[in-house]
Ligand code: B12
């Protein structure tokens, strides 16, 4: 097996469902898209997006000498069914199980170490979400799928229920063909929602998600608190109780204040 094949097999053994490789080349069009997105102020209060733009456009600023990016995807679609009785809130799927930064991050570290051991002259760095990496664009280039109209990566096989991560490496790996756009004329996601964070409305309507198979990953299973959160109980939660209740969940990243704001809106909208 070639080095690329061994790395891909290792990724699948680690529990990723999708893996592909892209060569790091500078894409002027993509860099311009990011610059325009920022110039229009689409990043809102996410000032860090503007501060890290150069790194997002040039991965070599993250890892000097970088040649390839191994993009991976992990299916987080569980069969957990939230109940919609009044008084219950709805937390987006990506935040219902254990914090995906941990779940993917630990395995990406193993994948980076594997590469290092297999190609001792190379250097590798794992990333998931918080790094200055254009994860969707690299995943598309690595053939994991395409960027849908809701702006997330869609895979013909797994739908868009894939969390993304990657290993940047100086090793010379064989690239995959980029993913072709299979959205066609469908606009269900755009009609469902104009890109709001914290729900799954634009993903729930995607035809590719209806045929996706749920994950076997136990870490992503919802807890009673994240599946059927009681809005009154959440509204009474102190900052310390919030920290403790969500210590293993990505909900923690929204902060106590942020969750309280969402809970207040949800209670106001409740029938
Ligand atoms: C900032 C951010 C957000 C912001 C902004 C969303 C956005 N549209 O970018 C907010 C807070 C709103 C958000 C929400 C969500 N997010 Co978010 N987010 C990110 C983050 C940290 C950066 C994304 C980014 O760089 N945006 C800036 C814009 C300009 O980049 P872009 O949309 O990728 O577009 C660039 C390229 O893709 C390309 N491009 C754009 N359109 C097209 C079209 C074509 C045809 C081509 C070829 C290229 C192309 O050009 C652009 C400029 O370079 C990434 C993690 C990461 N490091 O990448 C996660 C990430 C995108 N988020 C993720 C998730 C799961 C979500 C939510 C579903 C969570 C939820 N349930 O609420 C929602 C989805 C909302 C939505 N419809 O986008 C996942 C998406 C996984 C996937 N399958 O795509 C990521 C990859 C995190 C991860 N590690 O898995 N997110």
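Please treat every number below as a calculation from the coordinates, not as lab data. Since we're looking at a predicted model, the values are computed, not measured.
Structure notes:
- Using a Gaussian network model of the chain in which every pair of alpha carbons under 10 angstrom is joined by a spring, one finds that among 138, 37, 146 the greatest mean-square fluctuation is at 37.
- From the C-alpha gyration tensor of the range 230-271, square roots of 5λ in Å: 19, 10, 8
- Between helix 256-269 and the chain: long-axis angle, C-alpha atoms, 0 to 90°, nearest 10: 50 degrees
- Hull volume in cubic angstrom per residue (convex hull over the Cα atoms of the chain): 141 Å³
- Fraction of the pair-distance distribution of the range 159-241 above 23 Å, Cα-Cα pairs, percent: 51 percent
- With the helix formula -39500 (n - 2.57) applied to DSSP H stretches of n ≥ 4, the chain reaches a computed 222 nm mean residue ellipticity of -10000 deg cm²/dmol.
- Interatomic Cα distance distribution for the range 94-205, bins of 5 angstrom, percent: 2, 11, 17, 20, 21, 13, 8, 5, 2, 1
- Degrees between helix 3-13 axis and first principal axis of the chain (Cα, 0 to 90, nearest 10): 20 degrees
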